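To keep things clear, I will list the structure first and then write my remarks on it.
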């Protein structure tokens, strides 16, 4: 069972999802407005938040920005907006998944379980070592040659996934599916941007790589420096 917060202004949709998610064993609180939802999220600290964008007092994009400044709670955006550019912006801004209306309660529940699986049982996952890199899933920390590397949650997830496939070429499609949870396609740009940020923090560039090697037309590979 997960403790969920649903922020949705449409009463019919809100009540339908409330009932369906409770039937699936979740404890669900709901709000019809952005600021009320933000206060509830900070006070109750739910396991996951389901966020509509078209809220009456504040656009959901702004609420996501405010939330990410103070909390790492997983967020699934659930909205009728289906533009790819909007999806990329929200995923880059810190959303963990993006679901386009109309969708079924079963689809939402599956996405909730998938997002929560990524954050469970960290102690059972060993520290990954690639050259001088150490990636610790339990503490969500990274060191490079003994020095800490400060990463955003998304950068950590990206590096951790690549480290788990060290020495192998990983396609951008796989990264979008496994790291961003966008299984049916998306924009390569969001992967490229995060790889660029990650390279900068690892002290390298695409032109002079140490750990992150682009295989043109295929994907990217994390490997030990030569």
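What follows draws every value from the coordinates through simple rules; no lab data is involved. Remember, predicted model here, so these are calculated numbers, not experimental data.
Find the eigenvalues of the gyration tensor of the Cα atoms of segment 90-221, then list the square roots of 5 times those eigenvalues as equivalent ellipsoid semi-axes, largest first, in whole angstrom. Display every interim value, and only then the final one.
Working: eigenvalues 135, 68, 30 Å².
Ellipsoid half-lengths, sorted descending, are 26, 18, 12 Å.
Relative contact order of segment 3-117, please, whole-number percent, based on alpha carbon pairs below 8 angstrom and at least 6 residues apart.
Working: 180 pairs, mean separation 27.5, N = 115.
Value for segment 3-117: 24 percent.
Remind me, relative contact order of segment 81-157 in percent, using alpha carbon pairs under 8 angstrom and six or more residues apart? Can you show the working numbers first?
Numbers: 53 pairs, mean separation 11.7, N = 77.
It comes to 15 percent, rounded to a whole number.
GNM, the chain, Cα, under 10 Å: largest mean-square fluctuation among 139, 94, 164?
139
Based on the Cα gyration tensor of segment 80-152, what are the three equivalent ellipsoid semi-axes, each the root of five times an eigenvalue, rounded to whole Å and given largest first?
Details: eigenvalues 209, 59, 11 Å².
That gives 32, 17, 7 Å for the three semi-axes.
With runs of 4+ DSSP H residues as the only contributors, calculate the mean residue ellipticity of the chain at 222 nm using -39,500 (n - 2.57) per run, divided by the residue total and rounded to the nearest 500. Let's see the in-between values first.
Values: 8 runs with 88 residues, N = 226.
It comes out at -12000 deg cm²/dmol, rounded to the nearest 500.
On a 0 to 90° scale, report how tilted helix 105-117 is relative to the longest principal axis of the chain, with both axes built from alpha carbons and the result rounded to the nearest 10.
The two axes meet at around 40 degrees.
Using just the alpha carbons, could you tell me how many Å³ per residue the convex hull of segment 3-117 encloses? Let's see the in-between values first.
Details: hull volume 10.3 nm³, N = 115.
Hull volume normalised by residue count: 89 Å³.
Please list the radius of gyration and Dmax for the chain, considering alpha-carbon atoms only, with Å as the unit.
According to the Cα coordinates of the chain, Rg and Dmax are 18.4, 59 Å.
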